[in-house]
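In what follows, a single structure is set out as structure tokens and then discussed.
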Amino acid sequence: MEQIRAGDALLIVDVQKDFCPGGALPVPEGDGVVPVINRIVRAFPAVVATQDWHPEGHISFASRHAGKKPFEVVGIGGTQQVLWPDHCVAGTGGADFQPALETRAVRFVLRKGTDREVDSYSAFRDNDRRRTTGLASLLREIGTERIYVSGLATDVCVRATALDGRDAGFQVIVLEDACRGVDVPPGNLKKALHEMKDRGMRILRTDALQI
Ligand code: VGL
Ligand code: ZN
């Protein structure tokens, strides 16, 4: 059993309508993370939730690129970018938290992917690694040592957030049953879980938490 303690923070990554069934970029069973997160959220001394929050015409939208379709990959300024359907447009209903998500214990909401010209999968920095979001400083400032990661999608934003969190010097625990993956291309979800394990992250189920 894992004891939650002072210095722990829960990150809830992108649990938004557009990533749930019926949304613009649905993650299979995306809404399945909601009851799991709701059950554990109050046990954490600090909770940060992120929202993917793109301006219209965002660089990651296939619609921005003539002749390209969602899920194709293009090279943009030296980084490989998967193209997605338009999703999580700032201020639209699709960018809202999934309505059943318990947000009362959320202390900070961090919006990412707000620059029209660069994507940000990670809650810590943009994909081109030029700019941080300020999250690492914020977490340090409030005394965070360990972060537990939950949300969507395991192989995209959860993965990038977990890896960058570790690079930023935090211990990282990925809560496997509190995440769901897009698995595009197929096999990507398994690959992401292996990669996180290989890089020293602990992968835990929420029933192993003492709450
Ligand atoms: C995400 C694809 C595009 C995510 C965000 O939150 O995992 N996936 N933008
Ligand atoms: Zn996005």
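If I compute solvent accessible area with a 1.4 Å probe over the protein chains, what percent of it on the range 114-211 is carbon and sulfur?
45
What accessible area per residue comes out for the range 1-83, rounded to a whole number of Å², with a 1.4 Å probe?
Each residue of the range 1-83 exposes 43 Å² on average to a 1.4 Å probe.
What is the percent carbon and sulfur in the accessible area of the range 16-101, measuring with a 1.4 Å probe over the protein chains and ignoring ligands?
54
Can you tell me the dipole magnitude for the range 53-159 around its Cα centre, using point charges on the Cβ only (Lys, Arg +1; Asp, Glu -1), in Debye to the nearest 20?
Here the range 53-159 has a charge dipole of around 220 debye.
In debye, nearest 20: dipole of the chain around its Cα centre with unit charges on the Cβ of K, R (+) and D, E (-)?
Result for the chain is approximately 360 debye, rounded to the nearest 20.
Which listed residue (Val109, Ile142, Val13) has the Cα farthest towards the positive end of the charge dipole for the chain, taking +1 on Lys and Arg C-beta and -1 on Asp and Glu C-beta about the Cα centre?
Ile142
Over the chain, with a Gaussian network built from C-alpha contacts below 10 Å, which listed residue (Ile59, Ile147, Ile76) shows the highest mean-square fluctuation?
Result: Ile76 has the largest fluctuation of those listed.
How big is the charge dipole of the range 136-175 about its Cα centre, in debye rounded to the nearest 20, if each Lys and Arg gets +1 on its Cβ and each Asp and Glu gets -1 on its Cβ?
The dipole magnitude comes to about 60 debye.
What's the ranking of 14-20, 77-83, 38-44 by average number of surrounding C-beta atoms within 10 Å, highest first?
So the peptides 14-20, 77-83, 38-44, ranked by packing, come out 14-20, 38-44, 77-83.
Excluding residues fewer than 8 places away in the same chain, name every one of the aspartates and glutamates whose C-alpha is closer than 19 Å to that of Lys112.
Those aspartates and glutamates meeting the cut-off are Asp14, Asp18, Asp52, Glu56, Asp86, Asp96, Asp126, Asp128, Asp155, Asp164, Asp167.
Among DSSP bridges having both ends in the chain, what percentage is antiparallel? Round to the nearest 5.
Looking only at bridges with both residues in the chain, the antiparallel portion is about 20 percent.
Whats the longest run of the chain with zero GluC sites (Glu not before Pro) that are DSSP loop and have at most 15 other Cβ atoms within 10 Å?
146-211
Which whole-angstrom value gives the distance between the alpha carbon centres of the range 8-50 and the range 140-211?
Using only Cα atoms to place each centre, the spacing works out to 13 Å.
The values are calculated or read from the model by the stated rules, or taken from the named source; none is laboratory data. Fair warning: this is a prediction, and the values are worked out from it, not measured in the lab. Note that each Cβ is placed from the backbone with ideal geometry, even for glycine, and that neighbours are counted across all protein chains shown. The protein model used for the area step is the full one, side chains on, heavy atoms only, and it has no ligands, DNA or RNA in it. Shrake-Rupley method; radii C 1.70, N 1.55, O 1.52, S 1.80 Å.
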